[in-house]
1. Give all pairs with beta carbons closer than 8 Å in which a residue from segment 311-338 that is among the aromatic types (Phe, Trp, Tyr) meets a residue that is in a helix (DSSP H, G or I); count only pairs at least 6 apart in sequence or on separate chains.
2. For segment 186-196, give me each residue that is in a loop (DSSP other than H, G, I, E, B) and among the aliphatic types (A, V, I, L, M).
3. Looking only at segment 114-132, count how many residues are over 18 Å from Lys369 (Cβ atoms) and assigned to a helix (DSSP H, G or I).
4. Scan segment 197-242 residue by residue and report those that are outside any helix (DSSP H, G or I), over 27 Å from Arg276 (Cβ atoms) and of a type in the set (Gly, Ala, Ser).
5. Return the residues of segment 111-127 that are buried (at least 20 other Cβ atoms within 10 Å of the Cβ), within 16 Å of Met150 (Cα to Cα) and touching an Asp or Glu at 6+ places or on another chain (Cβ under 9 Å); say none if nothing qualifies.
6. Please tell me if Ser305 is within 24 Å of Arg251 (Cβ to Cβ), surrounded by fewer than 21 Cβ atoms within 10 Å (Cβ to Cβ), modelled with pLDDT of 95 or more and among the polar types (S, T, N, Q).
7. Does Leu219 satisfy the condition of being touching a Cys at 6+ places or on another chain (Cβ under 6 Å) and among the aliphatic types (A, V, I, L, M)?
8. Among Leu236, Leu252, which is on the phi < 0 side of the Ramachandran plot, of a type in the set (A, V, I, L, M, F, W, C) and surrounded by fewer than 24 Cβ atoms within 10 Å (Cβ to Cβ)?
Amino acid sequence: MAQNHEGIQVCEDARMNDSGNGFQNRSSTETAGRVGGSGVVAAVLAAMLVMLMTCGCQESAKQPAVKTSKPLTELPKYSTSNYMNEAIRLIASGLNDQNSHVRTKAIEVVIDTRHVGFMPKIQQLLTDRYVPVRFLATLAVGDLGYEPAMPQIKERLKDPDPNVKIAAAYAMARLGHKEYERILRLALPTTDQELRANAVLMLGKNGNREDISLIRGVLVDAQSSDKVTLQCIQSLAMLGDESIYAKLWTRLISKYGDDRLIGVQCMGALGTPRARDALILQLEDEDNFLEVKLASAEQLGKLGSPLGEPEVLAVFEKNMTAMMGDEEARRVKVLAASAIGEIGTDNLTKYLPGLLKDRSVFVRLAAAKAVFRAAMKAPAS
């Protein structure tokens, strides 16, 4: 999904099944960065965590929290915008939803919008009964550098799930305790492919280019699963490793729609002029899947280009979702909302009020994120 916090996001709101528009996915390809399960490496990680907690923390306690590359934005106490107020309400509702998948999506929105005003609630979710919720809440603390949650993060270092443990190590590293980066590197040789993928994800998010060689090693390891390989590709893109371009291009020319989506997301993460040109080609390909075009428009928007505006406008002006099934329409609306937030033009943002009232909670959350993302791009008045 996280740079952005995301692992490879081809999950429920973006994973494309065979549909009326011919979008094909690899049924065998799993989403990288999910959590659950354990491996024999857990004992090693636990021992290292105990050592760091008892020895390393005192030495590094005086280190300042890592400054993130993107500015944090405070949640506004008051807003004159009804759309902003509605977006706030929807995100808060999502964080409190009984459905754990909705809670995880709401946490992702907070990470993407970097609004620390929601962090007290996310701090409570660090003890959620569901592992994916605890995992993402822990990542959110690290991504936003939220120091008030430090005591709870230390507790998560003892979490029964090893994925949450390494997420806590990532959070500690981002909060200034750099010695915890070793925990992420220690997890790379594990045979637990889920844990391995998440360790690669966090090394990419951590932004230390010295880890590129380690991730390259995992990428070419014959023991790495498809999930791990996909996450290596994205993490290398996040770290600006231009040598990954050829592998990304292979994804873009695949016959499978989800492969192309992965390639588009990774090209956006790479963000080089050549990657930008590749995204433009995806956008201009008349035979391309609508979903891939919308994802390309979003990534170009993140890179500061509004070139994808016409493709997004067409979704609404031509009422493209009218003849789609519910699932396909939901996916298209989520992608369109995400693109609106990144492009942020008035021509597009006028469609957000309708998306904020969509019957799908995932569309509503995507629209709420778009309200904040567009506001972050708007010039100060």
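The values are calculated or read from the model by the stated rules, or taken from the named source; none is laboratory data. Owing to the predicted nature of the structure, the values given are computational and were not obtained by experimental measurement. Reconstructed Cβ throughout: ideal geometry from the backbone, glycine too, with neighbour counts over all protein chains shown.
1. From segment 311-338, the pairs are Phe316/Ala336.
2. Residues satisfying the conditions are Ala187, Leu188.
3. 7
4. Ala222, Ser224, Ser225
5. Leu126
6. Yes.
7. Numbers: touching a Cys at 6+ places or on another chain (Cβ under 6 Å): yes; among the aliphatic types (A, V, I, L, M): yes.
Yes.
8. It is Leu252.
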